[in-house]
Amino acid sequence: MMLLQIDTADLAVEDQSVTLIDLMLKGGFWMIPILLLSIVAVIIFVERFLTLRKAGETPDHFTDDIRAKVLAGDVNGAKMICAQTGTPVARMIEKGLSRLGSPLKNIEVSIENVGKIEIYKLEKNLGVLATISGAAPMIGFLGTVTGMIQAFIAIAQEEGSVSPKLLSSGIYEAMVTTAAGLTVGIIAYLGYNYLVTRMQKVIHRMEYSAIEFIDLLQEPK
């Protein structure tokens, strides 16, 4: 008899367990924009990660190959190496090669202009990811406010004692939206800083390669 009672109690506990999907549904309307922001954040992170990884794939021997071609007078061969590499560094050097014969200052300006364009491309959508990292927690806090308002309205409308079940809807919305918003915000923030770090490494490589190329042009032939 006691075993039967224990089994019945265990079944009751299992029936009362709440899954993650149930919690998200209890978060109410504000879970929709938080979910959309999380999807956008993931898409931006994956796209930027792949872009930055490709941008940083300039071979270590790239500068040496360009140096050898330029010193040998094979400018077209140097341009072909840049075209085959297809990275921001290569496009900057290719622009400089196309300006050979012009004053050194003009070559520097042309490389710098291409560098600015490439940096702009690398920064694409990073601002959106940074915005999501701040907006998602704010939306979660807004859900907290609306959830507590619902709970207080339920208290005001109830006569006599207030049951916990009556307040559960508003409190669920308040807590779940806060947790969801903070989770999305923290992940987006970490992803943003990781991408910025990778981008800075690519920019440093671009600057270093540009300086090396300018130095190469100033070497005595």
1/(1 + (r/R0)^6) with r = Cβ-Cβ of GLN157 and LEU36, R0 = 45 Å, i.e. FRET efficiency to nearest 0.05, evaluates to 0.90
Just to be sure I understand the model, the point goes 7 Å from the Cα along the line to the Cβ. What's the resulting ASP60 to MET138 distance in nm?
4.6 nm
Would you work out if segment 85-136 is rounded, prolate or oblate? Take a ≥ b ≥ c from the square roots of the eigenvalues of the alpha-carbon gyration tensor; rounded if a/c is under 1.5, else prolate when a/b is larger than b/c, oblate otherwise.
prolate
Can you list the HN-Hα couplings for segment 120-133, worked out from phi with the Karplus curve (6.51, -1.76, 1.60; θ = phi - 60°), rounded to whole Hz and with x for Gly and Pro?
4, 5, 5, 7, 3, 6, 5, x, 5, 5, 5, 5, 4, 4
Could you calculate the FRET efficiency of TYR120 with LYS201 from 1/(1 + (r/R0)^6), where r is the beta carbon distance between them and R0 is 22 Å, rounded to 0.05?
0.80
Magnitude of the charge dipole, segment 55-116, Cβ model with Lys/Arg +1 and Asp/Glu -1, debye to 20
280 debye
Please work out how much accessible surface ASP60 shows to a 1.4 Å probe, ignoring ligands, DNA and RNA, in Å² rounded to 10.
140 Å²
Give the peptides 32-42, 139-149, 177-187, 63-73 in descending order of average Cβ contacts within 10 Å, highest first.
177-187, 139-149, 32-42, 63-73
Could you calculate the FRET efficiency of ALA179 with ARG99 from 1/(1 + (r/R0)^6), where r is the beta carbon distance between them and R0 is 45 Å, rounded to 0.05?
0.20
So for the pair GLU47, ASP74, with labels modelled 7 Å out along Cα→Cβ, what separation do we get in nm?
4.0 nm
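The values are calculated or read from the model by the stated rules, or taken from the named source; none is laboratory data. Just so we're clear, the structure is a prediction, and the values are computed from it rather than from any experiment. Positions of Cβ are generated from backbone atoms using ideal geometry, with glycine treated the same way; all protein chains shown enter the neighbour counts. With ligands, DNA and RNA removed, areas are computed over all heavy atoms of the protein, side chains included. Shrake-Rupley method; radii C 1.70, N 1.55, O 1.52, S 1.80 Å.
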